[in-house]
Every structure is written in structure tokens, then in C-alpha cells.
Amino acid sequence: MKRRDFVKKVGLTAAAAVAVPYILPSGRLFAATGSRRANHVVFVLFAGGVRNLESVHKNDGNLMPNLLNGNEAISSDIVNSMSPLPASPLTQPLQNFGTLYKNFRFSDGPTGHFNGHTTAITGQHTNNTLSLREHPTSPTVFELYRKHTNPKGSALNTWWVSHTNNLYPILNYSQYPGYGPDYGANQISPASFFSSRTKDVLDDELNLGSDEKAAVEEMRAFLNYNFTGSTNGLSNIKNTPEEAEQVQAWIKKMITDYKAGLHSNPWNIPGFMNGDMRNVFYAEEIIKEFKPELLVVNMFGVDAAHTDFSTYCDNLRKADWAAAKLWSTIQSTAGMADDTVMIVAPEIGRNSTPNSIVDANGRGALDHTSDDPMSRELFCLVTGPQGVVNQGKTIGAVEGESIDIVPTIGDILDFKHATGGILPGKVLNGAFV
Ligand SMILES: [Zn+2]
């Protein structure tokens with residue numbers, strides 16, 4: 001269903017039923033109130049373990065020319081392993097549109113990917129007792145946003161786009177009393193969801209015959225409860241029937257386009273789009289359709305570093321290009337442009353010394369262990385509208401840490417004051433005018 005038709009249909013339904021919500025053209029339920037810095041936040045977990053040495057310190061040249069200023073040449077011994085990429089999607093590197101923290105920290109907790117993701121999404125430190133199979137014990141940013149945004153934030157406004165179905169989808173809501181699935185994010189793992197294997201399964205769910213009402217109710221149940229096993233996603237999240245209908249229409253369009261080959265390489269990347277690029281591509285599709293107030297998307301390709309340093313560097317370049325593309329899309333999407341703060345940060349770093357695996361260029365591979373301080377050194381880039389976010393500012397001192405991102409999002413979207421001291425971190429005030 002086209003968006004215009006959807007809005008029209010909701011309008012007609014509203015005439016007959018009092019309780020149906022009205023969806024604004026921006027995609028928001030009702031109008032936002034209070035003192036927000038911006039009405040949208042996109043948090044890019046530039047994840048998989050990135051050392052500051054290869055990112056902001058440019059030890060092997062500028063591997064992130066779409067985010068960072070500078071023309072430092074890539075080291076000659078690895079440059080031939082780098083993939084060709086298109087010109088930057090941006091007129092200038094992203095750091096010029098915001099504030100770069102060059103000495104950000106993952107200050108506490110094991111330097112594992114899941115610990116890093118959990119800290120980034122809950123704003124809480126974790127320890128060795130973190131379960132990989134249970135929802136977090138503290139509220140996620142999605143729940144804090146939805147529970148404490150008045151009027152209550154719609155599920156359509158809250159998306160968690162993870163690169164894989166393995167573990168990460170359960171970060172969409174917590175088991176903390178008073179929160180939980182009623183306040184969670186719509187979650188999707190595009191690489192698993194939009195694949196040749198699952199589309200056949202979904203076809204059966206999407207084409208339920210001519211009885212549209214039954215189809216919608218079926219899809220609502222599907223979205224709310226029925227994603228299980230290897231295609232787990234969107235589970236337990238309470239979309240209203242109208243919201244579920246819009247999600248259904250979007251998923252159907254995505255699958256139709258996928259089957260038509262429109263998603264094979266929509267960015268015209270020489271060679272192919274890697275998994276990170278595909279994940280960001282679907283995040284962009286969500287942005288275009290739903291204009292969410294809070295979207296978190298992760299990338300993970302740099303974790304190739306465990307066995308191949310040069311591929312790690314190449315995937316860092318691809319993640320850099322994808323993050324720039326995402327900002328370009330935000331800024332060309334009406335309703336999001338100049339009203340969005342985008343935060344880019346890795347979840348963890350990597351070790352200072354290589355392991356024993358040497359790649360084709362003679363470079364040592366890199367793990368991440370908790371006793372190596374370099375595994376805790378990150379960067380954080382906060383971009384946003386002029387007059388809201390400090391433009392072209394660099395903070396070189398050790399300042400800011402992972403647990404500060406959630407309260408910062410709460411400050412931007414004006415719900416932090418209602419979270420009652422649950423968040424230990426502080427707002428990254430240095431980024432804001
Ligand atoms: Zn790893």
C-alpha cells in the first residue's frame with residue numbers, strides 16, 4: 001500500500017472509530033512536545049571492534065576519508081588489498097558536520113562485542129555475568145524513549161537494525177520491571193530477513209488471499225508474536241493494527257524489490273556491497289518509509305581483523321563509505337533533514353599487539369581482550385544541524401564514554417529527565433551548541 005493510501009485509509013477509519021491514532025506526515029504519532037534538540041536520532045554502531053590507530057590516528061593512512069578530514073596515503077604494503085569505492089556521497093567529510101571525540105572510552109566491562117553492544121544500547125556497564133541468550137537486565141534506549149516520551153512513542157518510530165540474527169536482536173527490549181516488549185523497538189536483521197531462503201517462507205505469509213482484514217490481522221500476529229527461530233525479529237513488539245499494516249506493506253515492497261533484483265547492488269559499488277553496506281541500505285529504506293525518531297543500526301565487517309588485518313582495513317573503508325551514505329540519505333529525506341542527530345561510534349576497540357595470524361601482506365591479525373587498554377579506546381562522532389551540534393569541532397582530550405550515548409540520546413529527544421536516575425552516564429554536552 002502506498003503511504004498516501006495508508007494515511008487516507010487511517011483517516012477514513014478514524015471517522016468511524018475514536019481510538020485510532022493519527023499518523024502525521026512525518027511518521028510521528030502526534031506532535032512532539034517539550035524541549036528537544038532534534039526530533040530524530042540515528043545511532044550507528046560502527047561495530048565489530050575498531051582501533052583508534054586505524055581510525056582517527058590514521059596509522060595506515062586515512063582509511064575513513066568519508067568521515068575524517070585528510071588525504072594521508074594508505075600504507076603501500078596494504079593498499080593493493082583495498083577495494084575500489086565510489087566517490088564520497090558527501091560534499092565534505094562528515095566530521096565537518098559535527099563534533100569528533102577522538103579519545104572516547106569503553107571504560108568498564110569485558111571488551112566483547114555483545115558486552116559492547118549491550119553497553120551502547122542500555123547505557124550501562126556489563127560484566128562477565130552478561131547472558132547471551134536473555135534480554136538485557138536494564139532498559140534499552142528504545143524502551144526509555146518509548147516509555148518516557150509523551151505522548152508515548154510509537155513502535156514505528158523505533159527501529160533496531162542488526163547485521164545478524166545471532167544474539168543481537170534480543171537487545172530490542174529488556175527484562176527490567178516496568179519496561180519490556182510493550183516499549184521495545186521493531187527489530188530486523190536484513191541479511192537474514194531479505195534472503196532467498198526466507199522470502200519463500202514470507203510469500204506464504206504475505207499473500208493471504210483477498211480478505212484484507214484477515215491478512216492484516218494475520219500479519220499483525222506475525223509481527224507481534226510469530227517470528228521464531230532463525231528468522232527471529234520483530235517479535236513481541238506491540239504495533240497497533242494500523243502500524244502493523246504499514247510495516248506489512250513495507251516488508252512486502254522490500255521483498256518484491258528484492259525478488260526483482262533491485263537490491264542486488266543499489267549503490268553501484270564496484271564488485272559487490274558487503275553485509276555492512278546492505279544493513280545500512282535497509283536502514284535507509286526504513287528511514288525513507290517511517291522517518292523514525294530513533295533508529296540504531298550496526299555494522300560488523302571489521303571483525304575480520306581476527307584473521308586478516310588487510311581485510312579489516314578494507315572493511316573499515318566500506319563502513320566509512322556506508323556511514324557517509326546514511327547521512328546523505330538522512331539529509332535528503334524530508335522530515336529527517338536538518339532535524340536529525342547522527343552518532344557514530346564503535347562498540348569496542350582492539351588490542352595493541354597482533355595475534356599469531358599473518359595475512360597475505362605480512363600484517364598480524366588483531367583480537368580484543370579486556371586487559372589491553374587499546375581495546376577500550378574509541379572515537380565518537382556526533383553530527384547534526386547547525387545551531388544544534390557544534391560543527392567541525394574536535395575534542396582531543398580523553399572525554400566521553402560508551403555509557404554517555406544513551407543519556408545523550410535522551411537529552412536530544414527530551415526523555416532523559418524522566419528516566420529517574422537509571423542512567424549512570426552523562427550527556428555529551430561538548431557536542432552541542
Ligand atoms: Zn571480535
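The values are calculated or read from the model by the stated rules, or taken from the named source; none is laboratory data. Quantities reported herein were computed from a predicted structural model and do not represent experimental measurements. Because the Cβ atoms are built from the backbone with ideal geometry, glycine has one as well, and the counts that use them run over all protein chains shown. Heavy atoms of the whole protein, side chains included, go into the accessibility calculation; ligands, DNA and RNA do not. Shrake-Rupley method; radii C 1.70, N 1.55, O 1.52, S 1.80 Å.
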Coil-residue chymotrypsin sites (Phe, Trp or Tyr not before Pro) of the stretch 270-328, DSSP, other Cβ within 10 Å capped at 14: F272
Surface/4 of the Cα convex hull for the stretch 306-433, nm²: 9.9
Alpha-carbon centroid distance for the pair the stretch 340-391 / the stretch 239-313, whole angstrom: 22
Accessible surface of Y176 - all protein chains present, 1.4 Å probe, nearest 10 Å²: 80
Carbon and sulfur %, accessible surface of the stretch 375-421 computed with the full protein complex present, 1.4 Å: 44
Label point at N166 placed 7 Å out along Cα→Cβ; residues across the stretch 255-290 whose backbone nitrogen lies under 20 Å: 274-280
Alpha-carbon centroid distance for the pair the stretch 35-62 / the stretch 104-161, whole angstrom: 18
Coarse-grained scattering of the stretch 113-194 at q = 0.21 Å⁻¹, given as base-10 log I(q)/I(0) from a Debye sum over alpha-carbon atoms: -0.93
Whether the stretch 99-151 is rounded, prolate or oblate, judged on the alpha carbon gyration tensor where a/c under 1.5 counts as rounded: oblate
Stretch gain in nm, segment K259-S75, where the contour uses 0.36 nm per residue and the Cα spacing is subtracted: 62.2 nm
Cα gyration tensor shape for the stretch 260-320, rounded if a/c is under 1.5, else prolate or oblate: oblate
Long pairs among K288/K325; K58/K325; K58/K102; K147/K238; K152/K416, criterion Cα-Cα beyond 19 Å: K58/K325
Cα-centre dipole for the stretch 261-415 with unit charges at Cβ (Lys and Arg positive, Asp and Glu negative), debye to 20: 520
Long-range HN-HN contacts of H40 with modeled amide H, under 5 Å: V341
L378 long-range amide H proximity, modeled H, under 5 Å: F104, R105, F106
